[in-house]
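Accompanying notes for the structure given below.
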Amino acid sequence: QFPFGRRLPCDIYWHGVSFHDNDIFSGQVNKFPGMTEMVRKITLSRAVRTMQDLFPLEYNFYPRSWILPEEFPLFVDEVRMMKDSDPSWKPTFIVKPDGGCQGDGIYLIKDPSDIRLTGSVQSRPAVVQEYICKPLLVDKLKFDIRLYVLLKSLEPLEIYIAKDGLSRFCTEPYQEPTLKNLHQVFMHLTNYSLNIHSGNFIHSDNVNTGSKRTFSSILCRLSSRGADVKKLWSDIISLVIKTIIALTPELKVYYQSDIPAGKPGPTCFQILGFDILLMKNLKPMLLEVNANPSMRIEHEQELSPGVFENVPSPVDEEVKVAVIRDTLRLVDPQKKKRKDVQQHVESCKDTVNVRYNYVLWYRCQALEEASEAKEEAREAGAGDGGERGGSRSPEAGLPSLCLKQVFPKYARQFSYLRLVDRVAALFIRFLGVKGTTKLGPTGFRTFIRNCKLSNSNFSMASVDILYIDITRRWNSMGIDHKESGMCLQAFVEAFFCLAQKKYKSLPLHKQVASLIDFCEYHLAALDEKRLVCGRG
């Protein structure tokens, strides 16, 4: 502890709330700039909806959502149309305040007219979603899953998922929503912070019982019933990767704003809490993403009226200690130094005389293979307490990693989804001023001109009108009035609009991909031209 401050910088900074808890100029910090804003219910819904527009089948793991108050008329019209086309459809909707947490302000409705519009939604925006009426039940109770996901790096993208998580149970037997039981929160809402106040809540020392259990105990139970647990895990991994792909474009805009390229600054990593609900058919559905998941490993127990004590929670301890321990192992700066030394040795291959290249390569290859084998042995926890012929490994006594890499491991399967990432790269290129997150009219015109997008059918006057119309509408939604200009979401909408004009006969994702290729080609040609001129 340093009660009077610390002169030397740290290797790792562990912030409690956000990237901006302290001013950090080096090392690593456990928060990404903009993450808290990105996983708010409205921003997350917008990001996923953009991906649903491009890839509707791949992003069907997120319930149909509307943003209040701005989309209330649309919500009313769409529900009416769906009821008219299918009179047997009797939906339930769940209303979630945008900045709410721990179940605060959430309620269920049967009809759009039941939304509490008087004052609260105007001052506190919300998301309304289709309620999942047929969840998987265990012991007749509804439950959700809290999975811990480590976003280790944004560029290049690196994602890890904890092999175990928490299952948090409701405390009253589940029944499908009716007007009579809509308000029974202990039946419908899985939030731990709500259910802990129920008289039926069970604190258990056993990971297989009680109102909070390990996810692995649920998987064992499902497996014993013949469920395909391997497929379920595969679907969950897919959901996590796709969700992070939806979030990364805007995170990159925040990142370059707070840590501009070429300036000193920390690198970032972050543990996220993914809340997932399993449907009766074992399809995982994303409920929300938490930027600051609780890492407490104890719970409060009331000894007598008004007198509480903290009691250890074996379930929390088993899952959370492993997540934090292995996060620190993965971001360990000493491990990075060892890899840098190895890369330096590798680079020496290119500098030696050609006649010795093969011999040197062969020796390096043998050293690399031995090094990789040792690294794998460390990560697997396999070890005899030390390395043969060397000093004891710092990780020799630790269990195997609970965090499993899923990206870039499965990058090939998901890289085609990263279209908005490429659009964001274009947006960032034309921002101009470092530290900004919004594109001015000059930057937008330069983008159009450099990418050769204006012609006789689309004049620069039309470009200005497009910029003004879209920017004004997004700014009217109350999105970040700190600086004027076009935000990334507005730029993405404008880009989609341009793609639809230029490639009319294609589906939207192919229109967007074609326009990205077109822009990247012209910008690469421009860069080459400037390079040649620079040399001249």
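The values are calculated or read from the model by the stated rules, or taken from the named source; none is laboratory data. Note that this is a predicted model, so its numbers are computed, not measured. Positions of Cβ are backbone-derived with ideal geometry, glycine not excepted, and every protein chain shown enters the neighbour counts. We work out accessible area using only protein heavy atoms, side chains counted, and drop any ligands, DNA or RNA first. Shrake-Rupley method; radii C 1.70, N 1.55, O 1.52, S 1.80 Å.
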Mind telling me which of the residues Gly34, Gly5, Gly27 ends up being surrounded by fewer than 12 Cβ atoms within 10 Å (Cβ to Cβ) and more than 24 Å from Tyr131 (Cα to Cα)? Gly5
Does Ile470 satisfy the condition of being β-branched (Val, Ile, Thr) and more than 27 Å from the chain's Cα centre (by Cα)? no
Find all pairs meeting these conditions: Cβ atoms under 8 angstrom apart; at least six residues apart or on different chains; first residue within region 520-536 and farther than 14 Å from Arg429 by Cα; second residue open to solvent by 100 Å² or more (accessible area, probe 1.4 Å). none
Which of the residues spanning region 154-206 are β-branched (Val, Ile, Thr) and within 30 Å of Gln405 (Cα to Cα)? Ile159, Ile161, Thr190
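Results for (1) modelled with pLDDT of 95 or more; (2) out of contact with any strand residue (DSSP E or B) (no Cβ under 6 Å at 6 or more places or on another chain); (3) assigned to a helix (DSSP H, G or I), shown as yes or no for each residue.
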| position | (1), (2), (3) |
| --- | --- |
| Leu272 | yes, no, no |
| Ile276 | yes, no, no |
| Val315 | no, no, yes |
| Lys335 | no, yes, yes |
| Ser347 | no, yes, yes |
Among the residues listed as Ala291, Ala261, the single one being among the aliphatic types (A, V, I, L, M) and at pLDDT 75 or above: Ala291
Enumerate the helices (runs of 4 or more DSSP H) found wholly within region 19-111, keeping only those where 2 or more residues are at pLDDT 95 or above and either in contact with a Leu (Cβ under 9 Å, 6 or more places away or on another chain) or closer than 20 Å to Asp144 by Cβ (or both). 41-54
Kindly list the number of the only condition in (1) open to solvent by less than 20 Å² (accessible area, probe 1.4 Å); (2) in contact (Cβ under 8 Å) with a residue 12 or more places away in the chain that fails for Met295. (1)
Of all residues in region 153-206 being within 21 Å of the chain's Cα centre (by Cα) and among the small types (Gly, Ala, Ser), the one that is nearest to Val138 (Cα to Cα): Ser167
If we keep only residues of region 245-270 that are in contact with a helix residue (DSSP H, G or I) (Cβ under 8 Å, 6 or more places away or on another chain) and in a loop (DSSP other than H, G, I, E, B), then the residue surrounded by the fewest Cβ atoms within 10 Å (Cβ to Cβ) is Gly265
Would you confirm, using the coordinates I've provided, whether Leu68 is closer than 24 Å to Asp235 by Cα and either open to solvent by less than 20 Å² (accessible area, probe 1.4 Å) or not assigned by the TED database to the domain that holds Leu328 (or both)? no
